[in-house]
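Bear in mind these aren't lab numbers, they're just calculated from the coordinates by the rules spelled out. Please read all numbers here as calculations on a predicted model, not as lab measurements. When we count neighbours, we look across all protein chains shown, and the Cβ atoms used for this are built from the backbone with ideal geometry, even at glycine.
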Amino acid sequence: MIEVYKLWKNYGERVAVADLNFVVEPGEILGFVGPNGAGKTSTLRVMAGILPPSAGCVRLCGVDLEQNPLQAKRQLGFVPDTPYLYDELSVTEHLRLACRIHKIAAPPLDPLLSALELEERRHDFPDALSRGMRQKLALAWALVHEPRVLILDEPLTGLDPHGIRTVKKMLRQRAAQGTAIIISSHLLDMVQEMCSSILIIERGMQLALGSMADLLRQAGQNATLEEAFFKVTEGGSWPATEAPDPGP
């Protein structure tokens with residue numbers, strides 16, 4: 001569902017992403033973690049088609065993002081770390097605009113609004129929404145066209161405990177239906193709970209890639225992801241399962 005092959009992203013002479021290779025299968029939730037400045041957001045923005053790669057390719061559902069961006073993005077739902085909303089559109093109007101952008105007949109919005117606890121705020125504008133509600137609206141925007149790929153950058157920011165439970169439940173349901181999901185977050189407890197596989201990067205380079213169970217087992221008996229993370233980022237190279245080569 002998601003294929004990243006020899007991906008590089010440079011800003012002038014600064015290398016933000018260096019030769020990343022990984023795949024995410026249908027129904028898989030990949031945790032994408034690393035220290036601040038590791039290159040996570042640059043990677044996600046390239047994968048969402050916001051930034052061009054300096055080298056390499058991204059394929060979504062078999063479609064090359066750079067060669068066929070519109071076709072690839074039809075399969076994609078993306079939630080950035082900071083929601084970008086339209087001040088003059090209500091909650092419902094945001095979702096109707098998303099439907100128009102994706103050229104789909106407007107689906108019933110009530111189930112999505114209800115699932116994200118936005119039904120009572122459907123006529124509100126962004127300035128009347130809390131940070132958590134704005135985050136839920138960004139997620140609703142990403143889901144309205146039923147994407148097969150979800151890329152989420154800090155998706156639980158600003159949510160209260162009830163909202164966190166709601167969003168985690170929805171993401172698990174989407175994965176069970178075959179959606180491939182990437183979650184980038186500094187909340188390592190949440191990543192360990194939610195994700196079946198893990199990718200750790202630092203200075204744009206892959207340090208560890210594999211199943212969550214394998215990484216925790218290699219870190220030691222009853223190790224947490226936090227403990228594994230520090231062993232990886234402070235100890236240099238780390239054995240982990242390599243992703244299959246997506247091909248040229």
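Listed values, structure above:
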item: Cα-based reach from residue 169 at 16 Å (exclusive), listing lysines while leaving out same-chain residues under 8 positions away; result: 136
item: Rg(Cα)/(2.2 N^0.38 Å) for the chain, N = residue count; result: 1.01
item: Estimated distance in nm for a label pair at residue 218 and residue 114, the labels positioned 7 Å out from Cα along Cα-to-Cβ; result: 4.5 nm
item: Distance from the range 143-218 to the range 71-90 (C-alpha centre basis), Å; result: 18 Å
item: Longest exposed-site-free window of the chain, the sites being GluC sites (Glu not before Pro) in a DSSP loop that have at most 12 other C-beta atoms within 10 Å; result: 89-241
item: Compactness relative to 2.2 N^0.38 Å, alpha carbon Rg of the range 71-139; result: 1.08
item: Percent antiparallel among DSSP beta bridges (both partners in the chain, rounded to 5); result: 55 percent
item: Net dipole in debye of the chain [+1 Lys, Arg Cβ; -1 Asp, Glu Cβ; about Cα centre; nearest 20]; result: 420 debye
item: Tail weight of P(r) past 18 Å, computed on alpha-carbon pairs of the range 13-126, percent; result: 63 percent
item: Against the rule of thumb 2.2 N^0.38 Å, how large the Cα Rg of the range 119-177 comes out; result: 1.13
item: With at most 16 other Cβ atoms within 10 Å, longest stretch of the chain clear of loop chymotrypsin sites (Phe, Trp or Tyr not before Pro) (DSSP); result: 87-248
item: Lysines whose Cα lies under 18 Å from that of residue 6, excluding same-chain neighbours fewer than 8 positions away; result: 40
